[in-house]
Amino acid sequence: QVQLVESGGGLVQPGGSLRLSCATSRTVLNIYTMGWYRQAPGKQRELVATTTSGGFKNYSDSVKGRFTISRDNVKNTLYLQMNSLKPEDTAVYYCYTNAAGRVYWGQGTQVTVSS
């Protein structure tokens with residue numbers, strides 16, 4: 001059973017920072033591709049960032065240079081460091097993994113960027 005437990009969302013002012021966390025098992029973190037998606041109200045879920053087990057990272061153009069995805073193999077946690085946040089970053093953020101061809105999602109965490 002693959003479990004993904006997110007935390008770290010909240011309300012932040014434009015220009016601020018947040019760090020999202022996704023706790024999972026060591027197997028998932030070390031073997032499978034993991035990443036973050038987000039879904040704003042009335043919009044489709046979109047890719048934010050992904051990282052493979054080999055360390056390759058991919059970012060959407062809208063967050064490149066502002067967000068950083070990383071893994072902590074000691075804490076078995078995936079992170080998304082979000083800097084220079086903009087109102088258009090407001091969305092529910094979902095952690096995901098593709099485990100042997102099957103996709104799993106976390107429960108989502110709300111990020112709101114507003115003054």
Positions within segment 90-108 being open to solvent by less than 20 Å² (accessible area, probe 1.4 Å) and outside any loop (DSSP other than H, G, I, E, B), in sequence order = Ala91, Tyr93, Cys95, Thr97, Ala99
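Suppose we keep only residues that are aliphatic (A, V, I, L, M) and modelled with pLDDT of 95 or more within segment 61-89. Which one would you say is surrounded by the fewest Cβ atoms within 10 Å (Cβ to Cβ)?
So the residue we want is Ile69.
Output the residues belonging to segment 1-27 that are under 15 Å from the mean Cα position of the chain (by Cα) and under 13 Å from Thr77 (Cα atoms).
Of all residues in segment 1-27, those under 15 Å from the mean Cα position of the chain (by Cα) come to 3-10, 17-24.
Of everything in segment 1-27, those that are under 15 Å from the mean Cα position of the chain (by Cα) and under 13 Å from Thr77 (Cα atoms) turn out to be Gln3, Leu4, Val5, Glu6, Ser7, Gly8, Arg19, Leu20, Ser21, Cys22, Ala23, Thr24.
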Could you tell me which numbered condition Ser62 fails, if it satisfies all but one of (1) assigned to a strand (DSSP E or B); (2) within 14 Å of Trp36 (Cα to Cα); (3) among the polar types (S, T, N, Q)?
-> (1)
Answer yes if at least one residue in segment 8-15 is under 17 Å from Thr109 (Cα atoms) and crowded, with 21+ Cβ neighbours inside 10 Å, and no otherwise.
-> no
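Pick from segment 19-32 the residues that are open to solvent by 30 Å² or more (accessible area, probe 1.4 Å) and at pLDDT 95 or above: which of them is nearest to Tyr96 (Cα to Cα)?
Quick first cut of segment 19-32, residues open to solvent by 30 Å² or more (accessible area, probe 1.4 Å) only: 19, 23, 25-27, 30-32.
If we keep only those that are at pLDDT 95 or above too, we end up with 19, 23.
On the way: Arg19: 16, Ala23: 11 Å.
Only one residue tops the list, namely Ala23.
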Pair list, Cβ < 7 Å and 6+ apart or interchain, from segment 52-79 residues that are in contact (Cβ under 8 Å) with a residue 40 or more places away in the chain and under 17 Å from Leu29 (Cβ atoms) to residues that are open to solvent by 30 Å² or more (accessible area, probe 1.4 Å) and in a loop (DSSP other than H, G, I, E, B) | Asn76/Ser25
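The values are calculated or read from the model by the stated rules, or taken from the named source; none is laboratory data. In this text, all values refer to a predicted model and were calculated from it rather than measured experimentally. Ideal geometry is used to build each Cβ from the backbone, glycine not excepted, and the neighbour counts take in all protein chains shown. Accessible surface areas use protein heavy atoms only, side chains included; no ligands, DNA or RNA. Shrake-Rupley method; radii C 1.70, N 1.55, O 1.52, S 1.80 Å.
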